[in-house]
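A short write-up of the structure that comes next.
What follows is calculated from the coordinates using simple rules that are stated; it is not laboratory data. Keep in mind that this is a model prediction, so the values were computed, not measured. Methodologically, a virtual Cβ is constructed for each residue, glycine included, from the backbone with ideal geometry; neighbour enumeration extends over all protein chains shown.
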């Protein structure tokens with residue numbers, strides 16, 4: 001079985017631009033969570049979606065948004081990019097929600113210049 | 001405030017036992033996770049504690065005391081491949097908070 005997949009692997013954007021990151025969960029998993037990980041720090045929770053509805057939101061500005069599609073894949077959108085948005089963005093899937101064992105994807109490395 | 005604290009770095013010898021501590025102060029608590037993360041890779045699940053006590057899984061064990069806001073991860077028979085960062089995370093009401101991680105270096 002395929003694990004969690006994310007695309008793209010790497011991305012370079014300019015300040016002020018917009019970016020869309022994609023995630024496909026493990027087959028049968030209905031929950032997707034997004035995290036931002038800055039080098040040397042633990043992941044910071046951004047969003048959790050379960051059955052296409054937002055179930056949790058971390059302390060991130062409204063420039064960050066996400067959605068989950070009927071096939072349970074998900075997109076994370078970030079508008080008006082700032083230099084500080086440069087990080088590894090991780091997607092994790094689980095059967096029911098964030099409180100269950102999560103399986104992380106390889107991440108998308110975003111660099112904002 | 002909400003804090004999750006772990007030592008930044010630890011060093012241990014191959015074959016030895018190491019204990020990585022995690023203390024937390026959060027507004028609520030539904031469970032505590034430990035993840036392993038090798039450099040440049042995604043975190044992988046190690047353990048989950050929701051009740052007080054010790055959970056053992058092979059060479060890895062995790063302990064939780066909810067009254068003390070304290071957990072530890074115990075790694076036995078250390079191997080070189082155990083060199084990685086170990087992340088403590090507290091789950092509460094659809095919110096998962098990670099500590100900064102403990103970077104463990106295993107030396108021959």
Completion exercise
Here the percent of antiparallel bridges among DSSP beta bridges lying wholly in the protein assembly as shown, to the nearest 5, is 90 percent
Exercise for the section: Looking at chain A, send over the antiparallel percent of its DSSP beta bridges, to the nearest 5. Expected result: 90 percent
Handout entry: Separation of the residue A:69 and residue A:38 label points, Cα + 7 Å toward Cβ, nm
Key = 3.2 nm
Problem - Averaged over A:40-47, number of beta-carbon atoms from partner chains that fall within 10 Å - result: 6
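Using 1/(1 + (r/R0)^6) with R0 = 41 angstrom and r between the beta carbons of residue A:101 and residue A:15, what's the FRET efficiency to the nearest 0.05?
0.65
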Fill in the blank from the handout: Between residue B:9 and residue B:51, the FRET efficiency computed from the C-beta separation at R0 = 30 Å comes out, to the nearest 0.05, as 0.50
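Which FRET efficiency value, to the nearest 0.05, do you get for residue B:74 and residue A:113 by plugging their Cβ-Cβ distance into 1/(1 + (r/R0)^6) with R0 = 35 Å?
Working: r = 43 Å, r/R0 = 1.24.
Approximately 0.20, to the nearest 0.05.
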Fill in the blank from the handout: One point scatterer per Cα, no solvent, Debye formula: log10 I(q)/I(0) for chain B at q = 0.16, 0.18, 0.19, 0.23 Å⁻¹ comes out as -0.65, -0.82, -0.91, -1.29
Fill in the blank from the handout: residue B:23 and residue B:59 label points (each 7 Å along its Cα→Cβ direction) are spaced in nm at 2.9 nm
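To two decimal places, what compactness ratio does chain A give when its Cα radius of gyration is scaled by 2.2 N^0.38 Å?
Numbers: Rg = 13.0 Å, N = 113, 2.2 N^0.38 = 13.3 Å.
For chain A, the normalised Cα radius of gyration comes out at 0.98.
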Completion exercise
Mean-square fluctuation maximum in Gaussian network of chain B, Cα pairs under 10 Å, restricted to B:65, B:27, B:83, hits B:27
Completion exercise
Scoring chain B by relative contact order with C-alpha pairs under 8 Å, at least six apart, yields a percentage of 37 percent
